[in-house]
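What follows is one structure encoded as structure tokens, with my remarks underneath.
Here, each number is a calculation from the coordinates, and none is a lab measurement. Please read all numbers here as calculations on a predicted model, not as lab measurements. Cβ sites come from the backbone with ideal geometry, for glycine too, and all protein chains shown count toward neighbours.
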Amino acid sequence: MKVYNTLTRKKEEFKPLIPGKISMYVCGPTVYNYIHIGNARSAIAFDTIRRYFEYKGYEVKYVSNFTDVDDKMINEARKEGITVPELAERFINAYLEDTSALNIEKATLHPRATHEIKEIIEFVQALIEKGYAYEVDGDVYYRAKKFADYGELSHQNIAELEEGASEHINEEEQKRKEDPIDFALWKAQKEDDEIAWDSPWGKGRPGWHIECSVMSTKYLGDTIDIHGGGQDLEFPHHENEIAQSEAKTGKKFVNYWMHNGFVTVGKDEEKMSKSLHNFVTVHDILKEIDPQVLRFFMASVQYRRQINYSDENLKQAQIILDRFKNTLTSIDYRLKDDTNAKADPKLHEAIMSTKQKFEDAMDDDFNVQNAMTAVYELLPIVNANVNDEQVDKTELADFKKILSSWLEIFGIDCGKLVAVETGDDDAKIEALVKKRDEARKNKDWAKSDEIREQLKEMGVVIQDTPQGTRWSRE
Ligand SMILES: [Zn+2]
């Protein structure tokens, strides 16, 4: 199995530290608002990756944090007239609601920065003792140049980094820092009402990057298999995580760095941003769009590629999902009817060859598009079989099982997909369908048409198949 490693810019053979087990850390959201589709993309991409590892039989320990204190949290809480923990509670709950609607599995652990303050302080202190950090008036900074590999992940040298940093630094920071590329590990409290904790450097709070180094090493160990996040986290966030962690432990922090691509919005494929007013939250989308469709759409683009969020692309995902649904529904009907089974070695062969293609594609850095194409090409073969007078029920039941396991990787629950809406008038509909079947048997076409019309008015669609009449709600 091959995985693209951002650190080496190469697809590498994947080998976990412990055979059969995978440790995975994925940077989570800052919980000051509902998650936007960029956050959802990252959560879906790594959930899909995790599910494929589980499909392959790996035991995955998956840690994803909540950043529940930072400038954005403090500003938003102030605006709303509530405390930072109250704000965090509200949007952690919203996150869990939205991700559960998208069928994203809960992490093995969801640690929060504010629950790890003691460990964060100890970590910062260790960096000061080793000469990698220094205190200035209650702030603590990381001495980036002292870490020899600084810039390796984002492929930048110190001169480039210094040029970039000097463009953003303000005068006040300039005075405090030894070097413009140094970054904050601990920030002194600025105003009395600002959330803060006691520390050896006075009252303050952690910088953003340090929490991930602390949580990753605490819950998964000094070296882990996979660390993931959006492309925008490559620099400075992940670069700084490496510098902090490796300086403290003296060991390699992460074996495979994985980054998901951006989301663009609309026909013009604009990058999503608040200033462009195309900032789409999952909370809003799910008022209008079936979560299964959004999930399937986002999971079926390879994680490193850019996703274009548009009505057109969502519609396309809906069409494909409907085809899977139709095939699964037909199989369910055939598994219930009383035709005799006949073994069909050709169908068996086609399913096995698709399984191989599916796994080959997924083993190639999670090429979900090729994997889905292979499955999609199998559908006409299965559909033809389903419509045969005699079907191989064992084979169809096996296919249903394997298709369900593939779609599950994409976050689609097949039980939910084919779930039929039940209503108070089910018995009445069944009776009408039966009456129509009798009319057809007696070649009473006028009567049969009349009943079809009556059903149509009730919002029921009739489908005549060689194995009998099927009905569904519009
Ligand atoms: Zn992080």
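Taken over segment 319-474, the ratio of Cα radius of gyration to 2.2 N^0.38 Å equals 1.22.
Here the ratio of the Cα radius of gyration of the chain to 2.2 N^0.38 Å is 1.21.
Simple point charges give the picture: +1 on the Cβ of Lys and Arg, -1 on the Cβ of Asp and Glu, and for segment 234-322 a dipole about the Cα centre of about 380 debye.
For segment 333-383, the equivalent ellipsoid built from the Cα gyration tensor has semi-axes of 28, 11, 8 Å, listed from largest to smallest. Rounded to the nearest 20 debye, the dipole magnitude of the chain is 1380 debye, with +1 charges on Lys and Arg beta carbons, -1 on Asp and Glu beta carbons, and the Cα centre as origin. Across all directions, the average projected area of the convex hull around the alpha carbons of segment 94-157 is 7.5 nm². Amide H to amide H, with H built 1.01 Å from N, residue 272 comes under 5 Å of 263, 265, counting only residues 5 or more places away or on other chains.
The slack in the chain from residue 353 to residue 78, taken as 0.36 nm per residue of separation less the alpha-carbon distance, amounts to 93.1 nm. For segment 156-216, the C-alpha radius of gyration divided by 2.2 N^0.38 Å, with N the number of residues, is 1.33. Under a model in which nothing but the beta-carbon of Lys, Arg (+1) and Asp, Glu (-1) is charged, segment 157-207 shows a dipole of about 280 debye around its Cα centre. Residues whose amide H lies under 5 Å from that of residue 367, counting only those 5 or more places away or on a different chain, are 362; hydrogens are built 1.01 Å from N in the peptide plane.
Antiparallel beta bridges, as assigned by DSSP with both residues in segment 215-283, represent about 25 percent of the total such bridges. Antiparallel beta bridges, as assigned by DSSP with both residues in the chain, represent about 55 percent of the total such bridges.
Couplings 3J(HN,Hα) for segment 241-251, derived from phi with the Karplus relation 6.51 cos²θ - 1.76 cosθ + 1.60 (θ = phi - 60°), are 4, 4, 4, 5, 5, 6, 5, 6, 8, x, 10 Hz, where x marks Gly and Pro. An oblate overall shape is assigned to segment 1-150, the ratio a/c of its alpha-carbon gyration tensor axes (a ≥ b ≥ c) being 1.5 or greater and a/b not exceeding b/c. Mind giving me the nanometre distance, one decimal, between the label points for residue 158 and residue 170, set 7 Å out from Cα along Cα→Cβ? Calculated label separation equals 2.8 nm.
Cα-based values for segment 159-286, radius of gyration first and Dmax second, are 18.1, 53 Å. Highest average first, the peptides 232-243, 172-183 ordered by how many other beta carbon atoms sit within 10 Å of their residues are 232-243, 172-183.
In terms of its Cα atoms, segment 228-361 spans 68, 43, 23 Å along the principal axes, sorted from long to short. Here segment 52-131 and segment 1-35 have alpha carbon centers that stand 17 Å from each other. Extension gain, residue 148 to residue 315: 0.36 nm times the residue separation minus the Cα-Cα distance gives 55.2 nm. Distance from the Cα centroid of segment 343-396 to that of segment 428-474 is 33 Å (rounded to whole angstrom). Computed over the alpha-carbon atoms, segment 1-42 gives an Rg to Rh ratio of 1.12, Rh here being the Kirkwood radius from the mean inverse distance. Considering segment 116-195 at the alpha-carbon level, its Rg and Dmax are found to be 13.8, 41 Å.
Counting only the Cα atoms, segment 74-116 fills a convex hull of 73 Å³ per residue. Extension gain, residue 231 to residue 268, is 11.2 nm, computed as 0.36 nm per intervening residue step minus the present C-alpha separation. Scanning residues 5 or more positions from residue 183 or on other chains, those with amide H under 5 Å from its amide H are 142, 144, with H placed 1.01 Å from N in the peptide plane.
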